[in-house]
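The values are calculated or read from the model by the stated rules, or taken from the named source; none is laboratory data. These numbers were taken from a predicted model, which means no experiment stands behind them. Cβ placement follows ideal geometry from the backbone for every residue including glycine, while neighbour counts extend to all protein chains displayed. The protein model used for the area step is the full one, side chains on, heavy atoms only, and it has no ligands, DNA or RNA in it. Shrake-Rupley method; radii C 1.70, N 1.55, O 1.52, S 1.80 Å.
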Amino acid sequence: MARIIVTAPQLMADVLAELPGHEVVGGDHAMSREELAEAIGDADALLSSLSDPLDADLLFRATRLKVIGQCAAGFNNIDLAAAHERGIVVTTTPGVLHEATADLAFGLMLMVTRRLGEAERLVRAHTPWHYDHTFMLGAGLQGATLGIVGLGQIGEAMARRGAAFGMDVVYTARHDKDTSAIDATNPRTAPTRRVDLPELLATSDVVSLHCPLTDETRHLIDSAALAAMKPTAYLVNTARGACVDEKALVDALEAGRIAGAGLDVYEAEPTIEPQLYDMDNVVLLPHIGSATRQTRAAMSRLAARNIAKVLAGEPAETPVG
Ligand code: GLV
């Protein structure tokens, strides 16, 4: 019987359903670094969350650990090289969360372009209003260009939604991708095209980030990138906060260098640059990209199944690297 540590609040019924016969502990609170350091020593597996700092120092203590079942698409909290050096299999949960996350990104895009947060705050504040031809005008999406930074599963799902709304889609990626599913969504749009980042920034009406956080993408959207965007363009970030230089974003918004931003993620979560709270052209969500009951259940089950397979000596379903 293996010992599996669940490091953060989890849908335990789903986790346990995939791990019969094992000792599964935790899952009711977010473990502190100290608690994790203590627990990792006699763990055979970790079911981890993106907030766990699984760095080399912590992994050094993991003398029995065979597998990390990260319950997320991203794994920038895990020192992959240190894990692999110790023979630990690292797995994530792709394939089950891209539609929910793209829904959220699309929602953020609608909120910020149509001023939905601002409009709702106005009503809730009992501000007097009446129907008026020129009241609360936003930016329309039809015929606008959606720039997808990183056409992985989530980026592609966002692109399909954009095309279905009559947006033209451009994307950055290392290589050309098969974009037939995007183009099939709405024949009205121009064919989806791969472009380089400078062209994407210069031509997009909405720039939506869907890249992982790596050394290459940290502060990918810095002050120069923000200055390269159209002053009428919006930034949407459901990827990782540190892909954007948040202070530079504040400066760009204050200077009117871009029109607005829809954010689900932040550089130093849950801390947010204070000026952003007061900007009406910014939508702030608390990192809920994949937070539907169905998606989170599927993620829990996949993370647990990966652990069960590795412990049984079988290949993981969705390993990293
Ligand atoms: C969420 O941000 C994830 O990586 O799954």
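A few comments on the model shown:
- Count of residues meeting criterion [within 16 Å of the ligand (Cβ to nearest atom) and surrounded by 15 or more Cβ atoms within 10 Å (Cβ to Cβ)] in region 184-217: 7
- Screening 78, 40 for residues that are in the same structural domain as residue 307 (by TED's automatic domain parsing), within 16 Å of the ligand (Cβ to nearest atom) and not hydroxyl-bearing (Ser, Thr, Tyr) leaves exactly one candidate, 78.
- Residue within region 276-285 that is open to solvent by less than 10 Å² (accessible area, probe 1.4 Å), within 18 Å of the chain's Cα centre (by Cα) and more than 24 Å from residue 82 (Cβ to Cβ) present: yes
- Any strands (runs of 3 or more DSSP E) falling wholly within region 10-84 and containing at least 1 residues that are among the polar types (S, T, N, Q): 45-48, 67-70
- Condition met for residue 121 (away from the ligand (no atom under 16 Å from the Cβ) and in contact with a Ser or Thr (Cβ under 9 Å, 6 or more places away or on another chain)): yes
- Residue in region 36-54 that is open to solvent by 20 Å² or more (accessible area, probe 1.4 Å), within 20 Å of residue 289 (Cβ to Cβ) and either of a type in the set (A, V, I, L, M) or in contact with a Leu (Cβ under 9 Å, 6 or more places away or on another chain) (or both) present: yes
- Per the conditions (1) within 27 Å of residue 205 (Cα to Cα); (2) away from the ligand (no atom under 15 Å from the Cβ); (3) of a type outside the set (Ser, Thr, Tyr), the sole criterion not satisfied by residue 293 is (1).
- Single residue of region 221-271 satisfying the filter (among the hydrophobic types (A, V, I, L, M, F, W, C) and within 16 Å of the ligand (Cβ to nearest atom)) that is surrounded by the fewest Cβ atoms within 10 Å (Cβ to Cβ): 268
- In the condition set (1) of a type in the set (A, V, I, L, M, F, W, C); (2) under 26 Å from residue 24 (Cβ atoms); (3) more than 12 Å from the ligand (Cβ to nearest atom), residue 288 is compliant with all but (3).
- Region 55-72, subset within 16 Å of the ligand (Cβ to nearest atom) and in contact with a strand residue (DSSP E or B) (Cβ under 7 Å, 6 or more places away or on another chain), residue most open to solvent (accessible area, probe 1.4 Å): 71
- Residues located in region 268-281, provided they are closer than 19 Å to residue 219 by Cα and in contact with a strand residue (DSSP E or B) (Cβ under 7 Å, 6 or more places away or on another chain): 272, 276
- The set of residues in region 290-305 being under 15 Å from the mean Cα position of the chain (by Cα) and either assigned by TED's automatic domain parsing to the domain that holds residue 103 or open to solvent by 10 Å² or more (accessible area, probe 1.4 Å) (or both) consists of 290, 291, 292, 295, 296.
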